[in-house]
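Have a look at the structure below before the remarks.
The values are calculated or read from the model by the stated rules, or taken from the named source; none is laboratory data. Quick caveat, the model's predicted, so the values are computed rather than measured. FYI the Cβ positions are ideal-geometry reconstructions off the backbone, even for glycines, and counts take in every protein chain you see.
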Amino acid sequence: MSIPIDLPTIWAFIIAFAVFVYVVMDGFDLGLGILFPLFPQKADRDVIMNTVAPVWDGNETWLVLGGGGMMAAFPLAYAVLMPALYTPMIAMLLGLVFRGVAFEFRWRTQKARNKWDLAFAGGSLVATLAQGIALGAILQGIHVEGRHYAGGWWDWLTAFSVLTGIALVIGYALLGATWLVMKTEGELRERAYHLTWVLLVAMLCAIGAVSIATPFLAVQYTQRWFAWPNIILTAPVPIAVAAVTALLLRALGNKNDHQPFFLTLALFGLSYAGLGISMYPYIVPQSITIWQAASPANSQIFMLFGVSILVPLILGYTAWAYWVFRGKVRPGHGYH
Amino acid sequence: MFEGWDAVVLARAQFAFTMSFHIVFPAFSIGLASYLAVLEALWLATKREVYINLFNYWLKIFAVAFGMGVVSGIVMSYQFGTNWSSFADKTGPVIGPMMAYEVLTAFFLEAGFLGVMLFGLERVGPRLHFVATLMVAIGTLISAFWILSANSWMQTPTGYAVNADGQFVAADWLKVIFNPSFPYRLVHMVLAAYLTTSLVVGGVGAWHLLRDQHLAGPRVMFSMAMWMATLVAPIQILAGDQHGLNTLEHQPAKVMAMEGHFQSHKDGAPLILFGWPDQREAKVKYAIEVPKLSSLILKHSLDAPLAGLDTVPRENWPPVPITFWAFRIMVGLGFLILGLGLLSLLMRWRGMMYQSPLLHRFAVLMGPAGFIAVLAGWITTETGRQPFTVYGLLRTTDSASPLAAPAVGSSLIAFIIVYFAVFTAGVIYILRLMAQPPHPGEQGPTKDLPARAAGITPAAGAAVEGAR
């Protein structure tokens, strides 16, 4: 499999980059929401919220870039995928509504605080599950006729999509737990360490299950991963997963507060690369390639100017915002 | 449920519903972000405590409103794909890049600096904090630029070609972005946002002045807001008039619907003040009209001929009653805002600015007027360009996703339930914040609750004190 360097390929990597940045950045925000029920103490919850309150909005913006960028660069794929994923998409959007407003609302009321804590946890869980299900639904293939989605509104629901949904919930929870290890201290950090162990085992099981199930979805996936000479390129992925896992276990054993988060990001990166290997060059698996879906060159070039100048700038000031709010968050020392 | 319903009608209802909820938040936060930047600049320049108190007071309200704008906005950006996939496929190459630029130049700027603006004063110091506030304010304006450009292109498409797949593609990006209606729409909407915010700020100030005329914060905010209304309302009426003339040139059927002109008039068209437009019978019942005034306004000549909807094929008519009445609500409120501005000017001149319960009651009553006017204005322009999504080129019925009615009906109900529950709570929280007057030593979102007031490091606190 050789990858040509042309505009659609560059844009495929840009969109993939935006979605990946979204997944890891909003991933730990959403993971905190998923873990919220396990931290019933108000003081703990205040700290957990305050670790992401200044940055969550920026994290979520990558989702808008992923969606908007896809409409701009691959309008046909956007037009086919969104109706196919209608129910998970609407569920995700509504989940994000509850999750997003909870950041401000829970500080605006005393007596009903639990209501918005529930909105934060429930919204995060629903949004994550919906994203994972959407991923599975894309991988398993979508019924396309002409330039339109041609399936029903429940086609997305299969055992495989439920599996990817659960896998993503576990993955985001692991990101959230390692984020807490890095950003908190004392008893809260200890419990986050404990959760990290449990979730890491679950995450490895989930990666294994999805990896085993994927080749059964379509013969193309099997060939992509196991046919000679592709296997030279694909074999390093599981080997790297094993290596990162070993490093992660060592970091947990040494009680290093920073490494687990970044090693979990690496695990996500490897899983994501695996997805890319499975899908390329399709943007709608087995039916629409990135070249078929691509916008005309002048649309892609027009945006490429903006992306090459603005994305480094965005990464710069986003890093600055994280730097401003660096360090451990202590009870009562919150930003709120 | 929803078997036998028209899926496109449901999708339109869902878009109208989610859009109407969304638009009020940006309309408010565009103006409020600029107001916050002005307040912080005044504080930095004069070191007067009243300005930082007002800044912190409005910052808390901004945080709640902005959050609601963000979450309802993400829904909008994905709805193009979920519910209007044919539209997304056909216009993606033109509209998509504009929205991508909105994300890259505006959303990231707002979101990246919002955290510092809300929580970072002690961490970065007053000057860098002001930069953050400024970036958020500039971000809201850049966002308005791109999204109004995209909307305007749908109303007055230029600079495009159509490719073999039936997609619109850009032939000239400058003509796409600076399409004929864009400058007018941008000015009209940004002024509307500023007016909306000034009415809210003025209404809140007046509410507290009605209780105590001597409160420093309410006095300052009321005076600032009334200057804004006084100066901007006449400019807005002028801008609206110019926007209308531009619409007459590019979307005549919309103006015909706004005016209720079913028939053409050869020598001078009347201005129909009120009446009941009957779309089926193609006439305005119970019309109260001023002869020839419409020709005077639109053509600057009493006897100028003016075409009516009878010159437009019936399948291309917009829904006249909605367009007609939404337009009248917007214009009526515009003149009421002008009236409030003039009354405040009179009271200011007579030295009664803070002592006139009449003025204060009027201002409280007008507090939400901007929101209603903005909604009415958008309903006018979006209903008036029907039955097209890309004016004259792509029909709304050809833009929708291939979804079954039960799918769209279910999501519509879910949106209605969730939006009413969530945004009602948000509005109540905002009203609760507004019900308190700004206090001396007002705190921002950083430490507004006693339980969390302990976390300021002495050095940073001293820096802020020093800056005062």
Between residues in segment A:192-207 that are farther than 18 Å from A:Gly269 by Cβ and residues that are not in a helix (DSSP H, G or I), which pairs lie under 8 Å by C-beta distance while being six or more apart or on different chains? A:Ala192/A:Thr184; A:Tyr193/A:Lys255
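Going residue by residue through segment A:131-149, is there one that turns out to be among the aromatic types (Phe, Trp, Tyr), over 19 Å from B:Thr424 (Cβ atoms) and within 20 Å of the chain's Cα centre (by Cα)?
no
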Close pairs from segment B:431-443: first within 14 Å of chain A (Cβ to nearest Cβ) and under 17 Å from B:Tyr51 (Cα atoms), partner small (Gly, Ala, Ser) and in a helix (DSSP H, G or I), Cβ under 9 Å, at least 6 apart: B:Met434/B:Gly203
Determine, yes or no, whether B:Ala37 is surrounded by fewer than 24 Cβ atoms within 10 Å (Cβ to Cβ) and modelled with pLDDT of 95 or more. yes
Name every residue in segment B:242-277 that is surrounded by fewer than 15 Cβ atoms within 10 Å (Cβ to Cβ) and either at positive phi or among the acidic types (Asp, Glu) (or both), in order of residue number. B:Glu249, B:Asp267
Residue check for B:Val187: in a helix (DSSP H, G or I), buried (at least 24 other Cβ atoms within 10 Å of the Cβ) and of a type in the set (Val, Ile, Thr): no
Hits in segment B:429-453 - residues which are within 15 Å of B:Phe62 (Cβ to Cβ) and at pLDDT below 50: B:Asp448
Determine which member of the set B:Thr158, B:Thr133 is more than 30 Å from B:Gly341 (Cα to Cα) and of a type in the set (S, T, N, Q). B:Thr158
Any hit, segment A:15-24, residues being under 25 Å from B:Met68 (Cβ atoms) and without any contact (Cβ under 8 Å) to a residue 12 or more places away in the chain: no
Test of understanding: among B:Phe145, B:Phe119, which residue is under 16 Å from the mean Cα position of the chain (by Cα) and of a type in the set (A, V, I, L, M, F, W, C)? B:Phe145
Condition met for B:Ala45 (more than 9 Å from chain A (Cβ to nearest Cβ), within 23 Å of B:Pro218 (Cα to Cα), of a type in the set (A, V, I, L, M) and without any contact (Cβ under 8 Å) to a residue 24 or more places away in the chain): yes
Note on segment B:85-115: residues within 14 Å of B:Ile147 (Cβ to Cβ), within 7 Å of another protein chain (Cβ to nearest Cβ) and crowded, with 24+ Cβ neighbours inside 10 Å are B:Gly96, B:Pro97, B:Met99, B:Ala100, B:Tyr101, B:Val103, B:Leu104, B:Phe107
Looking only at segment A:53-78, how many residues end up being more than 7 Å from every other protein chain (Cβ to nearest Cβ) and touching a Gly at 6+ places or on another chain (Cβ under 6 Å)? 0
Scanning segment B:136-164 for residues that are of a type outside the set (Gly, Ala, Ser) and either within 13 Å of chain A (Cβ to nearest Cβ) or closer than 25 Å to A:Thr318 by Cβ (or both) gives B:Val136, B:Ile138, B:Thr140, B:Leu141, B:Ile142, B:Phe145, B:Trp146, B:Ile147, B:Tyr160, B:Val162, B:Asn163
Per the filter on segment B:158-183, residues out of contact with any Gly (no Cβ under 9 Å at 6 or more places or on another chain), assigned to a helix (DSSP H, G or I) and of a type in the set (Phe, Trp, Tyr) are B:Phe182
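So for segment B:275-297 (the condition being assigned to a helix (DSSP H, G or I) and aromatic (Phe, Trp, Tyr)), does at least one residue qualify?
At the first step, the residues of segment B:275-297 found to be assigned to a helix (DSSP H, G or I) are B:293-297.
From the residues that got through so far, the ones that are aromatic (Phe, Trp, Tyr) too are none.
Looking through segment B:275-297, none of the residues is assigned to a helix (DSSP H, G or I) and aromatic (Phe, Trp, Tyr).
Can you tell me which residues in segment A:283-319 are among the aromatic types (Phe, Trp, Tyr) and more than 8 Å from chain B (Cβ to nearest Cβ)?
A:Trp291, A:Phe305
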So for segment B:371-386 (the condition being closer than 23 Å to B:Phe62 by Cα, crowded, with 18+ Cβ neighbours inside 10 Å and touching a Phe, Trp or Tyr at 6+ places or on another chain (Cβ under 8 Å)), does at least one residue qualify? yes
Conditions (1) away from every other protein chain (no Cβ under 14 Å); (2) surrounded by fewer than 18 Cβ atoms within 10 Å (Cβ to Cβ); number of the one not met by A:Val181: (2)
Check whether at least one residue in segment A:27-38 is touching a Pro at 6+ places or on another chain (Cβ under 6 Å) and crowded, with 21+ Cβ neighbours inside 10 Å, and report yes or no. no
Of all residues being loosely packed, with under 12 Cβ neighbours inside 10 Å and assigned to a helix (DSSP H, G or I) in segment A:243-255, which is modelled with the highest pLDDT? Just the residue, please. A:Ala246
Answer from A:Phe120, A:Phe98 - the residue that is at the interface with another protein chain (Cβ under 8 Å from one of its Cβ atoms) and over 22 Å from A:Ala16 (Cα atoms): A:Phe98
On the basis of being under 16 Å from A:Gly58 (Cβ atoms) and free of Cβ contacts under 8 Å to residues at least 12 places away in the same chain, does B:Leu109 make the cut? no
Six or more apart or on different chains, Cβ under 7 Å: which pairs go from a residue in segment A:138-167 that's under 21 Å from A:Phe216 (Cα atoms) to one that's of a type in the set (Asp, Glu)? Could you list them? A:His143/A:Asp155
Can you tell me which residue within segment B:119-135, out of those that are assigned to a helix (DSSP H, G or I), in contact (Cβ under 8 Å) with a residue 12 or more places away in the chain and within 7 Å of chain A (Cβ to nearest Cβ), is surrounded by the fewest Cβ atoms within 10 Å (Cβ to Cβ)? B:Arg123
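Yes/no matrix, rows are residues, columns are (1) within 14 Å of chain A (Cβ to nearest Cβ); (2) more than 20 Å from B:Val190 (Cβ to Cβ):
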site	(1), (2)
B:Tyr354	no, yes
B:Phe362	no, yes
B:Leu365	no, yes
B:Val374	no, no
B:Ala400	yes, yes
Considering each of A:Phe74, A:Phe98 in turn, give the residue that is surrounded by 24 or more Cβ atoms within 10 Å (Cβ to Cβ) and either of a type in the set (Ser, Thr, Tyr) or in contact with a strand residue (DSSP E or B) (Cβ under 6 Å, 6 or more places away or on another chain) (or both). A:Phe74
